[in-house]
Amino acid sequence: AGPCDVLNEVTSQKSFWKFVFMIVLLMGVRIVYRHLDATFPKYMMREFGKDVMYGSIIAINPFLIVILIPIFAPLSYQFSAYSQITFGALITSISPFVLTIDTQMWSSIMFVVILSIGEALWSPRLYEYTIFITEEGREGIYMALASSPMFIATLITGATSGMFLEAFCPEKGPKQSWKMWSLIG
């Protein structure tokens, strides 16, 4: 079978489109994760000064991932991969809202902690789910598709990072309040 035949075969399956839908939704979570590298360091410097040790705050993420994944591993026996991916993605997606509560170091740390908890829940299960729903011999197509949102998220994050910083945390001039009640009012 040629490449076009394989592509037609794969795209004609309902499970493929369910997987594509999930991957598209996970793109939002990947965007949050990319802002950790693209936007968060400048936010930290602008809010807390040039001497802020933002690298130490960002380092909480890999530290927690290494610790939490083995702790969360038994959950794979309790919940389906799809359920755990959905729940973990929800936790990761709400993590930036902690920054709207207050512009303090604790809220920055909690942003990274909550993001990391969610990532430790959903990320390992994504690969398991990808292999589980894939037909034998089609694993490469699904794995490539599972990885593609990170690249698209990088493009979106690059475009929005500067806009967010300029709108809410400009280098010069008054900063917009990150407090939730001022966004509502």
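What are the residues in segment 133-153 that are at pLDDT 80 or above and open to solvent by 60 Å² or more (accessible area, probe 1.4 Å), if any? Before the answer, list the steps.
Step one: list which residues in segment 133-153 are at pLDDT 80 or above, which gives 151-153.
Result: 151, 152.
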Restrict the check to segment 78-91 and report whether at least one residue is over 20 Å from the mean Cα position of the chain (by Cα) and not polar (S, T, N, Q). yes
Quick check: anything in segment 19-30 closer than 30 Å to residue 136 by Cα and free of Cβ contacts under 8 Å to residues at least 40 places away in the same chain? yes
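Taking the conditions exactly as written (out of contact with any strand residue (DSSP E or B) (no Cβ under 6 Å at 6 or more places or on another chain) and in contact (Cβ under 8 Å) with a residue 40 or more places away in the chain), does residue 56 satisfy them or not?
On the way: out of contact with any strand residue (DSSP E or B) (no Cβ under 6 Å at 6 or more places or on another chain): yes; in contact (Cβ under 8 Å) with a residue 40 or more places away in the chain: no.
No, not satisfied.
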Could you say which residue among 79, 72, 87 is under 20 Å from residue 33 (Cα atoms) and open to solvent by 60 Å² or more (accessible area, probe 1.4 Å)? 87
Segment 42-59, residues that are in a helix (DSSP H, G or I), open to solvent by less than 40 Å² (accessible area, probe 1.4 Å) and of a type in the set (A, V, I, L, M, F, W, C): 44, 57, 58
Residue list for segment 97-152, filter: of a type in the set (Val, Ile, Thr) and in a helix (DSSP H, G or I): 98, 100, 109, 112, 113, 114, 117, 130, 131, 133, 141, 152
Of everything in segment 97-126, what is open to solvent by less than 30 Å² (accessible area, probe 1.4 Å), out of contact with any Phe, Trp or Tyr (no Cβ under 7 Å at 6 or more places or on another chain) and over 13 Å from residue 62 (Cα atoms)? Give them in sequence order. 107, 108, 111, 122, 125, 126
Identify, by number, the condition in (1) under 16 Å from the mean Cα position of the chain (by Cα); (2) open to solvent by 40 Å² or more (accessible area, probe 1.4 Å) that residue 7 doesn't meet. (1)
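The values are calculated or read from the model by the stated rules, or taken from the named source; none is laboratory data. Being a predicted model, the structure only gives us computed values, none of them experimental. Backbone-built Cβ (ideal geometry, glycine too); neighbour counts: all protein chains shown. Side chains included, ligands, DNA and RNA excluded: accessible areas come from the protein's heavy atoms. Shrake-Rupley method; radii C 1.70, N 1.55, O 1.52, S 1.80 Å.
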